[in-house]
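J.: Quick one: the structure is below, questions incoming.
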Amino acid sequence: MNFPIMPQTASNYAVSIDDIYFTLVALTVIFTGIVTLMLLVFAVRYRRGTKVSRKNPSTGNLYMELTWSIIPMLLGLWIYGWSAIPYSRIYGDPPANASEIFLIGKRWMWHFQHVNSGIRENNELHIPVGKAVKVTMISQDVIHGFYVPAFRLKRDCLPGRYNTVWFRPNKIGKYYLFCSEYCGTNHSEMGGYVYVMSPQDYAQWKSNGGSQTLKETETTTEIGHDLFEKYGCAQCHGAQDNVHGPSMNGLFGTTVTLANGQSATVDDNFLRTAIINPQAQRIAGWPAIMSGFPVGSGDGQISEENLLDLISYIKSLGNSQHAAPVVGNNSTSTVALKPLASKPAVNHSSSLATKGQSR
Amino acid sequence: MSLELQHPAVAPQRLSHQFEQIDQQNEIYIVGMWTFLVTEIMFFGALFVALTVYRSVYPDAFEQAHTALNVWLGLTNTFILLTSSFTAAMAVRSKMLGERTRTLFFLAITIMCAFGFLCVKYVEYSAEFREHHFPGPNFHWEQPVTASAVQGDLSANSQVALGSPKISVNEFPANYQPQQLALHKRELFFSLYFVMTGLHGFHVIIGIFVLGTLWLLIYFRHPTVDDYMPVELAGLYWHFVDIVWIFLYPLVYLIGKQ
Amino acid sequence: MANTDNHNHDSGAGHHHVTPVSTYVATYVALLVLLVLTFAVSRVDLGPFNIIVALGISVVKTAMVVLIFMGVKYGTRLTWFWASIGFIWLVLLFLTLGDYVTRQWVHLPLGW
Amino acid sequence: MSSIPLNPGALGSDGRARARENYLNIKHTVSSWLLTADHKRIAVLYMISISVMFLFGGLAAAGIRIALVRPHDTFFSSETYNKLFSAHGIIMVFFFLVPSIPATLGNFLLPIMIGARDLAFPRLNLLSWYLFMFGAVLVMGAIMFGGIDTGWTFYEPYSSVYANTNVVAVIVGVFIAGFSSIATGINFLVTVHKMRAPGLTWFRLPLFVWAMYATSIIIVLGTPVVAITLLMVVLERVFGVCVFNPACGGDPILFEHLFWFYSHPAVYIMILPSMGIISEVIACFARKRIFGYEFVAFSSMAIALLGFLVWGHHMFVTGESMYSGMVFSLITFLIAVPSAIKVFNWSATLYKGNVWLTAPLVFAIGFILLFTIGGLTGLYLASLAVDVHLNMTYFVVAHFHYVMVGGAIFGYMAGLHFWWPKITGRMYPEGWAMLSAFILFIGFNLTFFPQFILGFDGMPRRYHFYPPEFQMWNILSTAGSSVLAVGMLIPAFYFLWSLKYGDIAPANPWGAKGLEWTIPSPPPSFNFETVPIVTEEAYAYEAIYAAELAGDYSHVEASIPYNQEYVEKPQSNISNEEHQ
């Protein structure tokens, strides 16, 4: 006989969320108690035939109405403000030193990639205790939900768009990982465990190459670099070739002006769209010559996994804020460009400028 | 049954069992119809929200995709619908005054306008289908090369569209392949275009059915249309169809700069 | 069956308002002028104002159709109410846009 | 219909009573039922239809509970389990809860309560039932032959691209049923606006009418949005158009926005009519004017209007903008205020009343208790950070069952018992009704309270298999559901029994105020011989209250035993309200 009352608490959010939760429980008990007491006492005391005083029965009282409107409202606003704070942390920007993990949801498994070590694992996530973790997630098919009850943490894993969430595990242990958004037949089997390990254990686990099943030693950034070459990105977006496309050096995190006059921050979602459908948000000043790489496994397509690798590589090129003069043709871009010396410029792409699609 | 009407020439009306007064009955019909139109506003409204959202997210793709539409045909259709709205209002007025011949005349013009609208729509749709702009597995997009394509040079465009993709692989580096899929935000535009205009067209067809039935009933002097209310209500519906198009035309055909 | 024949004349008599033909013709002409204007404005690049002007003209056209062709101008208060509530409620639906506008703001520094 | 005599309640010329004509016995042919334009007959048709749908939905729920007894159930496959909960949700939401009170009790009572002969558009009303039936048959057919596994929310892109079940047929069925609901809504709105009896001003309306009015506004303004949204899913499946599909840049979250724009207010479609019933029942059996009438009336409207501004609280974790979530959360907290106003006003009405503890009142008290818990647990889900943990878990399941079963169904049961004499002309057996009320209350809490704890423990909803440590709570819940099932079956039996063997009901068995109690039970076809003129506010129980305190209970008409010949009694309390 096992009647668990609450889940384990293993992240920086757990306690603050539980505090709000149990405050709400207390309020629920109090208000339900008041209502129950009123109903039962009145119904029994004033039932037909009882000899109790019924002098001056009231059918309305403005002050009472105001009392039971304003008190619940103030309590509600208090809870609202209190609970908005952890919420804005969970889905807000992570601390700068957070280690990054890519998460790909597919029916019906979770695929994790540790960005800095390149370790990949399925349905299991190993993380060191006490260190902030940022999870960038995307789904290959339908909406999934990344849910770790012990962390009080949930985020939907959408197809076509990155969602992020961050947390800091603070207790060693093995915790359930669930899919919270219904995703089809084996929805309830799409889950696994999150292992929060001591730093020593984690270091050892890492040096062993992670999970036994999926041994990968190349980091996502390294894979991304290879892909950058393989897909020919470097031809236009290389270090110094600022003729056909903006250089990726120092691009990440900056604010750019788009061809349609809007401005946008270069973040994960921006890069993703730029790779899949560059024309949707072309940076001002660059010709519309790039055709995108759709998501898929066919020729000329790119998988979700590789997309994340590429983005990881582009991120690694830094987000320098140097106010270098913009190179390029009458560009209004505010991108700070930092030349990268070692990469040779690829020059056979010069024919693109004339033969590419014109708008 | 008391009939005390402001206008001396207004035709007499009949009262249903659940009502007390003819004014009450009239107002109930009008308000009932308006309530129905409110549901229609929300019905189309959701689509306009989708259009606005996607247009703000993918402004360039929408601006490019909309160039495939024929502005002039859209303009013609707007003109046709405004005219039909005018004649519908005139038909209601005539019916209210008991002028049977004029009612039939204006109703006929309204119906003809509706058919005219559908004919123009047919021309537009067939062009879009020829060019594989209908969303789905056969969707295909080519950036119009010259401004003439925008101007509705349908024959020229259709020949190009029937052929193979215009962009050949060898113009690009070997590992750099043109992808139709990359252009799918335009499919989004065409999805919304077809859903919205299709649904609007469906309302036009219903309108033709309703107005045509009324025309026949009035022509054969059926007692149910002694009252002007049926024509009035059909008129309200028809004006609503017009209003939807008043918004559709600028929002779908006239995106951005031409 | 209409047993209460002492009814109030003001309540629903407005529906029998017969609009003069000249009003209808004038409205029709005005609508056509606005249509030409819509088209003409779309040929001029006003930046973000293109869409605002186009929508503004559409709203004016709609108002004319609703008030005159559909006779709401002469309708009862109840007709006014139901004729306007649909358009008002549509604005609520457009609050959806708030989500799309503010999604970009996630990187604003919040102080922690 | 004009051939029906307008004076059906008259005595024969010899002064002896004859079988009084009423809406039930005026004609007996099948076509007289299937082609009727009488709002009361349509209400009965609806009542039968939704009861059948409730049975189907309940069977699906039983399947779910059976599967969840064991952590790794082998009784059903996962496909079957998914189809079961989808069928349960779709049937219960679209074919029971949404039409339940408006289309049955609302249809029956709304015209009578405002002194009208019928709804404004009687044939539209009949059409609405046919649309409902057509949708119901389509959906039931699709569920029987293949089923659907999307859940009742039809989330994209699962529903449009990945599901290979009968999504199209079910959505078309729901779409059609939506139009049935719209037809009812339009009818009610126009009827309330324009067909009130002379003297029946807005602030003399019974609160049930206010509630129906608020409900109709939600139906009319919300349903079209979900209709077009679901239609788009069908178009995506059938024609391959691409509006929400991320494959061409569509945003599944936009689908959620549009879906919840209706589906959150739809919750108020389910609960507001119940609140109206509770107001009637509480006032009647406390023998008091409802406490703070205006506040209760306006809180209905406030709920209806604010209910349209909170849809985003279903999407805090989906990737909706953080700021958008904060706004939606704030408005959600505000909507708790009108609900609190209602609960406190009902409780205060009982204070110093002369409370007659009947089955309807017991159901009403049950409603208030369960709705209080259901409403307060809604605040957990409205709290942004807490929702991150609780969203999509069993906590949500428990919360909305407290609102919809504890709320909507307890309210429906209260109303059904309260007006059963009026509808059928027979009394239900009071003792059995009390028993079933208590069994339902216990069974309900036993079923759904453990799910709050399961949810906080982290058990996600729509899970076929779950970690073994959650098993005991699930067993408790399943045990409770069997009690709940018994509590639902008892009324089914005694209601059917009472149709033939129940005591014959007088016109006003409760000594209640309101126009519906001034006409015979069951009402004649055209409700009122002459248009009633209303001269007093709703719930003017002062005279009855004073009489009862003085020991005079003569206004409560005794039930007439079955074997006695029915003689229409002069009704003293009509003359107050009707001036011919």
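None of the figures in this text is laboratory data; all of them are computed from the coordinates on show. Bear in mind the structure is a predicted one, so any value in this text is a computation, not a measurement. Cβ placement follows ideal geometry from the backbone for every residue including glycine, while neighbour counts extend to all protein chains displayed.
J.: Gap in Å between the Cα centre of region D:294-347 and the Cα centre of region D:177-245?
T.: 19 Å
J.: Also, I was wondering about something else. With a ≥ b ≥ c taken as the square roots of the eigenvalues of the C-alpha gyration tensor of region D:33-574, please select rounded if a/c is under 1.5 and otherwise prolate if a/b is larger than b/c or oblate if it is not?
T.: In terms of gyration-tensor shape, prolate.
J.: Could you please tell me the mean projected area of the C-alpha convex hull for region C:18-70, averaged over all directions and given in square nanometres to one decimal?
T.: 3.4 nm²
J.: Averaged over its residues, how many other protein chain Cβ atoms are within 10 Å of peptide A:36-45's Cβ atoms?
T.: 6
J.: Counting pairs of alpha carbon atoms under 8 Å apart in space and at least six apart in sequence, what relative contact order in percent does chain D give?
T.: Relative contact order comes out at 17 percent.
J.: Which Cys in the protein assembly as shown stand alone, with every other cysteine's Cβ at 4.7 Å or more from theirs?
T.: A:Cys157, A:Cys179, A:Cys183, A:Cys233, A:Cys236, B:Cys113, B:Cys119, D:Cys284
J.: Does the protein assembly as shown come out rounded, prolate or oblate by the C-alpha gyration tensor, with a ≥ b ≥ c the root eigenvalues, rounded set by a/c under 1.5 and, if not, prolate when a/b is larger than b/c and oblate if not?
T.: oblate
J.: List the aspartates and glutamates whose alpha-carbon lies under 16 Å from that of A:Lys51, not counting same-chain residues fewer than 8 positions away?
T.: Within the straight-line cut-off, A:Lys51 pairs with D:Glu548, D:Asp552.
J.: Hey, fewest Cβ within 10 Å first, where do A:Leu66, C:Leu32, B:Leu82, B:Leu104 land in order?
T.: Ranking A:Leu66, C:Leu32, B:Leu82, B:Leu104 by Cβ neighbours within 10 Å, fewest first, gives A:Leu66, C:Leu32, B:Leu104, B:Leu82.
J.: A further question follows. Would you please classify the overall shape of region D:89-133 from the alpha carbon gyration tensor, given that a ≥ b ≥ c denote the square roots of the eigenvalues, rounded means a/c under 1.5, and beyond that prolate means a/b larger than b/c while oblate covers the rest?
T.: The shape class here is oblate.
J.: What helices does chain D hold that run 27 Å or longer along their axis, going by alpha-carbon atoms, with a Kyte-Doolittle average of 0.0 or more, using DSSP H for the helix calls?
T.: Result, helices passing both filters: D:39-67, D:122-144, D:167-194, D:207-239, D:252-286, D:322-350, D:359-382, D:430-457, D:471-501.
J.: Okay, moving on. Quantify how strongly other chains surround peptide C:66-75 by giving the mean number of their Cβ atoms within 10 Å of each of its Cβ atoms.
T.: 5
J.: Quick one: order D:Tyr162, D:Tyr46 by neighbouring beta-carbon count within 10 Å, fewest to most.
T.: Sorted ascending by nearby Cβ count, the order is D:Tyr162, D:Tyr46.
J.: Moving to a separate point now. Quick one: order D:Tyr501, D:Tyr466, C:Tyr100 by neighbouring beta-carbon count within 10 Å, fewest to most.
T.: Final ranking by Cβ density, sparse to dense: D:Tyr501, C:Tyr100, D:Tyr466.
J.: Report the net charge of residues surrounding D:Ser300, where surrounding means a beta-carbon distance below 14 angstrom and charges are Lys +1, Arg +1, Asp -1, Glu -1.
T.: Net charge in that neighbourhood comes out at -1.
J.: Along the charge dipole of the protein assembly as shown, which of A:Ile30, A:Asn122, D:Ala62 sits closest to the positive end, that is, farthest toward it, with unit charges on the beta carbon of Lys, Arg, Asp and Glu (+1, +1, -1, -1)?
T.: Of the candidates, A:Ile30 comes out farthest on the positive side.
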